[in-house]
1. How much length, in nm to one decimal, is gained on full extension between I357 and L60, taken as 0.36 nm per residue of separation minus their Cα-Cα distance?
2. Ordered by residue, what ³J(HN,Hα) values in Hz, to whole numbers, does segment 43-59 give under the Karplus form 6.51 cos²θ - 1.76 cosθ + 1.60, where θ = phi - 60° and Gly and Pro are x?
3. Do you know the relative contact order of the chain, to the nearest whole percent, from alpha carbon pairs under 8 angstrom that are 6+ apart?
4. So who's got an amide H within less than 5 Å of the one on I223, skipping anything under 5 residues away but keeping other chains? H placed 1.01 Å off N, in plane.
5. Enter the Cα centre distance for the pair segment 36-108 and segment 182-205, rounded to the nearest angstrom.
6. Which links in K56/K76; K5/K56; K29/K76 stretch past 21 Å when you go from one Cα to the other?
7. Under a 10 Å cutoff between Cα atoms, tell me which one of T254, T152, T199 has the largest fluctuation in the Gaussian network model of the chain.
8. Treat every Asp and Glu Cβ in the chain as -1 and every Lys and Arg Cβ as +1, leave all other atoms uncharged, and give the resulting dipole magnitude about the Cα centre to the nearest 20 debye.
Amino acid sequence: MKLGKLNFKGYAARKPLSISPSGKMLTAKDILAQPSLRLGSVVTLGKAQQVELAVKRYELEPDFTLGVIGVGLLSKREVIDHIKRQDDFGQVALQAEMGYCNELIANLNIAKLPTWPTSPVKPIPGGPDWKPVKPRCIVVRLRTRALFCENTTDSVTSPFAAYRIQNVHPAFAKRGFTVVALTGVDDVRNKFIPEAKNTLTVYISGIGHGAYSLYTGHQGNHILEVCQYDSAEVKGKAIHFLSCETAGQLGPDTVAKGAKCYAGYTENFHLVWDNSATPVNEFILFAQSDSTFDIMMANGATAKQAFDATVQAFNAALAQPGIPGSVAATWLAYDRDHLKLIGAESTTIQPFRLVKICFPLADREKENALAQAGVVVNG
């Protein structure tokens, strides 16, 4: 059903968006028919009315599974029970639902639908015609590395990991980066440390569970934790983790220790698997939106451009046919609003570094390492 420029599923169009002063549940169609109703805000409703509105909206939603990264999976009935009890998650769910209701009311008369961002394709500086800078020196071009910590062994994170391996990693490889992927039982700290400290590693990303001060890998292994890592693991790098809460403390801590920037979520990241027949794969919208940051960075965008494009992607996901008014829309908006960029907005990453080597080498160890890296041709 089309209301304004937005396409609603039939059940979503029947879901109430607000409650009138007389206590009547108001749908999007009701509000479009009476413009003055758009001036109100559901946050001004009493708590009991907000709970009543949220519960009614969820009851009209087909069966779904809500994944909370770092927590687990919730059924439709379990989410409703949390909202009725107003426990910690119930309060978050109510806040998310009311926030999205307000946003949807404001967008009922939107003039133009948001579009998906396009990733730039910038030429790589220092192309094939580079030359030595001095007669006694050579300039070597070395490929830089993108390090991915993908939790493929957890039921909540593994679908995201599979999506990222199929769509994000190739974007970095195509651009010229060396892709280093820690997956399965290798997604642990002792494998992470040497790869992160490698001088050529410029980007760190992945999907995993988290907390405000912690990012985890396989079976909860602590990959990065505030005050528990060497600054060399993050110094000079751009970082983006798809995990719960890490932008709260871990992100700022990495930047304080020398990371160029950190993009992540200040609260739990939620995603929806719609269990009903639908033309839209809601899970892909969550994965595609978040992965926009990685792909933009791979293609030469600044961190701010990547962040803005990711927000644009979430907005485009919210406007996809069948999404407005759905529970997927509630959590897409919630995740979007808790995405945060910390550090230098001008950060970019390049798929190579130019290294000048001048002879003779003063450091014997470096000289030996250079000899071992090459092939002896004079016997």
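1. Working it through step by step, the gained length comes to 100.2 nm.
2. These are the phi-based 3J(HN,Hα) values: 6, 7, 5, x, 4, 4, 5, 4, 4, 4, 5, 5, 4, 4, 5, 5, 5 Hz.
3. For the chain, the relative contact order is 20 percent.
4. Those lying under 5 Å, H to H, from I223 are Y215, T216, G217.
5. A separation of 38 Å, based on Cα centres.
6. The pairs that break the limit, which is 21 Å between Cα atoms, are K5/K56; K29/K76.
7. Of T254, T152, T199, the Gaussian network model singles out T199 as fluctuating most.
8. 1360
No lab work stands behind these numbers, since they all come straight from the coordinates. Here the structure is a predicted model, which means the values were calculated and not measured. In this analysis, Cβ positions are derived from the backbone assuming ideal geometry, glycine residues included, and neighbour counts consider all displayed protein chains.
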